[in-house]
Amino acid sequence: MPTHLTHQHHTHKLTFDQVSCIKGDAILFDKLSFELHSGQILWIQGDNGIGKTSILRIAAGLSQPNEGNIAWQEEEAQVNPRHLIAYQGHNNGLHHDFTVKEEAALWAELYDNAVPIENYIQAVGLQEKTAVKTAALSAGQKRRLALLRLMISERPLWIMDEPKASMDQSGQSLITSLMDSHLAAGGSILAATHDQTTPLGRHARRLTLETIQ
Amino acid sequence: MNTLLWRDLRLALRNPRGWVMSVIFFVLFLSVMAIALGGNTTKLRPLAPPLIWMALLFGQLLTFPTIFQRDIVDGTYEQLHLSGISGLSITTSKMISCFVVSICPLLLAIPALGIGYGLDKTTLAAILLSVILGGPAIIAYGIFSGSIVAKEGNAGFLVILIALPFLVPVLIFALGGIASYRENGLWNLEFQALSGISLIAIAAAIPATAATLSSYQD
């Protein structure tokens, strides 16, 4: 990411304390604890349906766990998760009827980001597509547009569900470079993939979920 | 708030399936009714207010299921929530945009249809006033019932069951107000009650809708 688009982040921390999640009869995870600090990346890895997305949604404050506590802190003070989190879900969260430029402009306004949106659009490689409706974009291009929102939000903690899904080679290296500069600027990342082979980021800590026998 | 309202208006105008259907229904229903009743204006004139209100209610009921569907399904509601916008703002903006796209076109259509029904100016003015005063209540109950069924695919029938009981008092006071407009003037008791219903409906529907939408996050 070009340096003029990187936002320097305050120190922050996400804490999972003995968190459990039950869906129906199945215990997805039991007494999960971890901490994620500024500049760190935690890579959650596991098969489909094992609870990766549940962890991410709980970490984003979008779902409640069955047990346990989650704390979001910025400079040692408890904050609302919405001050820390930018979430790239499985669902891209784009408006079908908006063009790429309108979509970017909407989020720039809502996040009060004054940097010209063209810079962000360029950074994710969608400069040729500014007048195209998001519904007409390819799956990978939609992921790029969702990445653009992560950058525009200037939130320190990125939560990413299968970030490299449907991304081509250049898209994958784009994600890697965005992640690296986000971490270098004091941000942190919580990401989940089912892919066991490709490590996500060079210094990622890895949390592997397995079925309880 | 302006950003949000501008977003809702643009989305509504670009994806007009819901509200255009209600406007077309409104016009077609009243035209077909005029033909079915023989096209004689002396017979049509007294029937115009109840027919217009029936067309209005049934037409609006068609739009309710789609109000929040897109936002919930494509995940934009969630992203708006994460960006720090309150559910109250999201709901208020949706209510204003729904009023603009689904009630305002009817205010233009009613005078045109009024000519066909042989309405005099006073009755026409009373009908327009009843729609302006009662419209907010219709939209308020509409967004509330729309939020309840936002995750359901085919929820048209459920919406009718939820919203119709709330809409009956609106209908009664609107028609009562039109009937007594000539003797008791613009600010008659029925229209006062209708305005009261609209205010209560708005005050109740905004937090109720916001609460329903936030319950989808679990």
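The values are calculated or read from the model by the stated rules, or taken from the named source; none is laboratory data. Source: prediction; values computed, not measured. For neighbour counting, all protein chains shown are included, and Cβ atoms are generated from backbone atoms with ideal geometry for every residue, glycine included. We work out accessible area using only protein heavy atoms, side chains counted, and drop any ligands, DNA or RNA first. Shrake-Rupley method; radii C 1.70, N 1.55, O 1.52, S 1.80 Å.
Laid out as a table, the results:
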read-out: Residue within the range A:137-148 that is touching a Phe, Trp or Tyr at 6+ places or on another chain (Cβ under 6 Å), open to solvent by less than 10 Å² (accessible area, probe 1.4 Å) and more than 19 Å from A:LEU42 (Cα to Cα) present; value: yes
read-out: Condition met for B:ASN188 (free of Cβ contacts under 8 Å to residues at least 24 places away in the same chain and loosely packed, with under 15 Cβ neighbours inside 10 Å); value: no
read-out: Residue check for A:ASN48: open to solvent by 40 Å² or more (accessible area, probe 1.4 Å), more than 13 Å from chain B (Cβ to nearest Cβ) and not charged (D, E, K, R); value: yes
read-out: Test: B:ARG7 is open to solvent by less than 20 Å² (accessible area, probe 1.4 Å), out of contact with any Pro (no Cβ under 8 Å at 6 or more places or on another chain) and of a type in the set (Lys, Arg); value: yes
read-out: Any helices (runs of 4 or more DSSP H) falling wholly within the range B:30-98 and containing at least 3 residues that are within 11 Å of chain A (Cβ to nearest Cβ) and either closer than 26 Å to B:LEU161 by Cα or open to solvent by 50 Å² or more (accessible area, probe 1.4 Å) (or both); value: B:69-73
read-out: Residue ID - farthest from A:LYS133 (Cα to Cα), chosen from residues in the range B:5-22 that are in a helix (DSSP H, G or I) and facing chain A (nearest Cβ under 10 Å); value: B:TRP6
read-out: Filtered residues of the range A:69-85 (kept if part of a strand (DSSP E or B) and facing another protein chain (nearest Cβ under 7 Å)); value: A:ILE85
read-out: Unique match (being farther than 15 Å from B:PRO65 by Cβ and in contact with a helix residue (DSSP H, G or I) (Cβ under 7 Å, 6 or more places away or on another chain)) among B:ALA179, B:ALA174, B:ALA155, B:ALA163; value: B:ALA174
read-out: Contacts under 7 angstrom Cβ, first residue in the range A:102-114 being more than 10 Å from chain B (Cβ to nearest Cβ), partner assigned to a loop (DSSP other than H, G, I, E, B), 6 or more apart; value: A:ASN113/A:GLU154
